[in-house]
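Novice: Here's a structure for you.
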Amino acid sequence: PKRWLAHLRDLAASPEMKDFDEHTVVPGVSARGGAGAFHEFSPFRHVKKRLALIAAHMLGGAIHARANESAEAVESLAAAARVHDSLPYMEPEHWYLPPKLCLGEAQLRAGKPRDALRTFAGELRDARPNDAWATEGERRARARVEAGDDVAPSASEDWTTACFEVFP
């Protein structure tokens with residue numbers, strides 16, 4: 001994972017890769033290797049640098065979460081959420097896993113249920129009304145806030161999350 005993370009960071013930092021660049025082909029990021037009609041009309045070609053950034057931040061968050069580095073996981077996932085917020089509207093979405101759902105989960109696991117409650121409630125209000133994962137995250141965060149539990153969750157906590165790729 002750390003080699004892939006380094007690769008993603010290199011891609012995102014590369015001066016050759018730019019959003020709104022129709023000509024640069026980036027293996028692993030460009031649609032279908034940059035050839036054919038799919039690439040020419042792909043809605044992803046205009047956001048490839050941002051997709052590489054999101055991937056790097058999400059993977060960084062997963063690595064930190066698995067190492068029990070809560071603050072770093074929250075920081076990485078917050079960065080992924082900021083980049084994700086800059087993507088243009090599209091259905092299906094450019095990035096399949098909403099970073100804010102993972103950010104809310106990281107905040108809960110870091111013992112910050114009030115922050116998680118704001119994150120999940122904001123997703124429900126601004127981006128995903130009636131989303132089952134955001135609703136469940138909000139319910140879990142609200143229960144922790146109401147219980148006055150501002151510490152890391154116990155081993156008996158319900159770990160239902162949309163972010164199973166990030167959190168083991």
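The values are calculated or read from the model by the stated rules, or taken from the named source; none is laboratory data. Since the structure is predicted, the reported quantities are computational estimates derived from the model, not experimental observations. Here Cβ is always computed from backbone atoms with ideal geometry, including for glycine, and neighbour counts include all displayed protein chains. Quick note on the areas: whole protein, heavy atoms, side chains included, nothing else; ligands and nucleic acids left out. Shrake-Rupley method; radii C 1.70, N 1.55, O 1.52, S 1.80 Å.
Novice: So which pairs qualify, if the first residue must be in region 79-92 and over 16 Å from A12 (Cα atoms), the second must be in a helix (DSSP H, G or I), the Cβ gap must be under 8 Å, and the two must be at least 6 apart or on different chains?
Specialist: Correct list of pairs: P88/H46; P88/V47.
Novice: A further question on this structure: I need the full set of residues from region 137-146 which are more than 24 Å from Y96 (Cβ to Cβ), open to solvent by 60 Å² or more (accessible area, probe 1.4 Å) and without any contact (Cβ under 8 Å) to a residue 24 or more places away in the chain, in order please. Break it down into steps so the answer makes sense when it comes.
Specialist: Residues of region 137-146 that are more than 24 Å from Y96 (Cβ to Cβ), as a first pass: 142-146.
Narrowing further to those that are open to solvent by 60 Å² or more (accessible area, probe 1.4 Å): 142, 146.
E146 - this is the single residue of region 137-146 that is more than 24 Å from Y96 (Cβ to Cβ), open to solvent by 60 Å² or more (accessible area, probe 1.4 Å) and without any contact (Cβ under 8 Å) to a residue 24 or more places away in the chain.
Novice: Sticking with this structure for a sec: Would region 147-164 turn up any residue that is of a type in the set (D, E, K, R), surrounded by fewer than 17 Cβ atoms within 10 Å (Cβ to Cβ) and at pLDDT 85 or above? Let's see the steps before the verdict.
Specialist: As a first pass, look at region 147-164 and keep what is of a type in the set (D, E, K, R): 149-150, 157-158.
Still in the list and also surrounded by fewer than 17 Cβ atoms within 10 Å (Cβ to Cβ): 149-150, 157-158.
Imposing the further condition that a residue be at pLDDT 85 or above reduces the set to none.
No, the conditions are met nowhere in region 147-164.
Novice: Let me ask you something else. I'd like the full set of residues that are of a type in the set (G, A, S) and either at pLDDT 80 or above or surrounded by fewer than 12 Cβ atoms within 10 Å (Cβ to Cβ) (or both), limited to region 29-48.
Specialist: In the first step, residues of region 29-48 are kept if they are of a type in the set (G, A, S); the result is 30-31, 33-37, 42.
Scanning region 29-48 gives A35, G36, A37.
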